[in-house]
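Heads up: the structure comes next, in structure tokens.
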Amino acid sequence: MTKLRIKEAAVRLFFEKGYGSCSMRDLASAVGVEAASIYNHYPSKEDILATICLELMENQLKGLHNIIHLRRTTVAQLEQFISYYLKFQIDNWLAFQVTHTENKHLESKHEATFKKLRKSFENQVLELINRGIQEEKFYSLDSEIVLNTLLSALRWRQNSPKKLEK
């Protein structure tokens with residue numbers, strides 16, 4: 001329970017203050033525990049950030065995997081992915097923002113794992129786009145440009161979840 005409260009407080013504080021400006025004392029104060037007791041649950045502040053980022057990416061991958069492995073047309077899969085990705089952002093708004101703005105603070109193994117998960121996610125969306133191009137359901141464009149444009153358009157970082165709900 002305390003570990004979950006620490007993670008939830010970290011998501012909020014990392015979003016509000018930024019990872020670099022948030023101290024373990026800030027986290028402890030938000031949770032209502034001594035700073036030293038946080039170390040009973042997480043070895044470091046970076047481990048808290050890694051937990052946030054990696055869990056979010058793993059959950060995104062699971063959702064995408066479920067969409068891609070349904071027996072539907074490529075067009076329907078892409079439409080479902082877009083709906084899923086926007087809803088995922090709404091449902092995980094703060095963690096999504098923290099993940100996409102603060103992952104730059106991940107080091108060593110956490111950074112490598114995060115990049116591997118993100119690349120896997122992007123590659124699966126890219127495969128979906130390429131399949132649509134091969135089936136002549138999508139225009140034959142540079143699929144990596146399409147991927148980056150699509151994900152950038154869907155990442156609405158500057159907007160609130162209320163705007164996304166529309």
Residue 105 accessible area, 1.4 Å probe, all protein chains in place, Å² to nearest 10 = 60
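What share of Cα pairs, in percent, lie more than 24 angstrom apart in the chain? Don't skip to the answer; put the middle values down first.
Values: 5768 of 13695 pairs.
Percent of Cα pairs beyond 24 Å in the chain: 42.
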Hull surface over four for the Cα convex hull of the range 64-156, reported in nm², is 6.4
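Of the listed pairs 3/45; 17/87; 62/109; 62/115, which have alpha-carbon separations greater than 23 Å here?
In this structure, 17/87 exceed 23 Å between Cα atoms.
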Quick one: plug the Kirkwood hydrodynamic radius of the range 70-114 (C-alpha pairs) into Stokes-Einstein at 10 °C, 1.306 mPa s, and report D in µm²/s.
-> 127
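For the chain, what is the charge dipole size about the Cα centre, in debye to the nearest 20, if Lys and Arg each add +1 at the Cβ and Asp and Glu each add -1 at the Cβ? Don't skip to the end; give the middle numbers.
On the way: 24 positive and 20 negative charges, 59 e Å.
For this selection, approximately 280 debye.
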With the charge dipole of the range 38-98 built from beta-carbon charges (+1 for Lys and Arg, -1 for Asp and Glu) about the Cα centre, the Cα from 50, 96, 66 projecting farthest to the positive end belongs to 66
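Would you mind classifying the range 1-52 by shape? Square roots of the alpha carbon gyration tensor eigenvalues, ordered a ≥ b ≥ c; an a/c under 1.5 is rounded, otherwise it is prolate if a/b is larger than b/c and oblate if not. Spell out each step's value before the answer.
On the way: a/c = 1.42, a/b = 1.26, b/c = 1.13.
Rounded.
Around residue 19, what is the net charge, scoring Lys/Arg as +1 and Asp/Glu as -1 over all other residues with Cβ under 9 Å from its Cβ?
Values: positive: 17, 45, 104; negative: 46, 102.
In short, +1.
The values are calculated or read from the model by the stated rules, or taken from the named source; none is laboratory data. Worth saying up front: this structure is predicted, and the values here are computed from it rather than measured. Heads up, the Cβs are rebuilt from the backbone with ideal geometry, glycines too, and the neighbour counts pull from every protein chain shown. Protein only, heavy atoms only, side chains kept; ligands, DNA and RNA dropped before computing areas. Shrake-Rupley method; radii C 1.70, N 1.55, O 1.52, S 1.80 Å.
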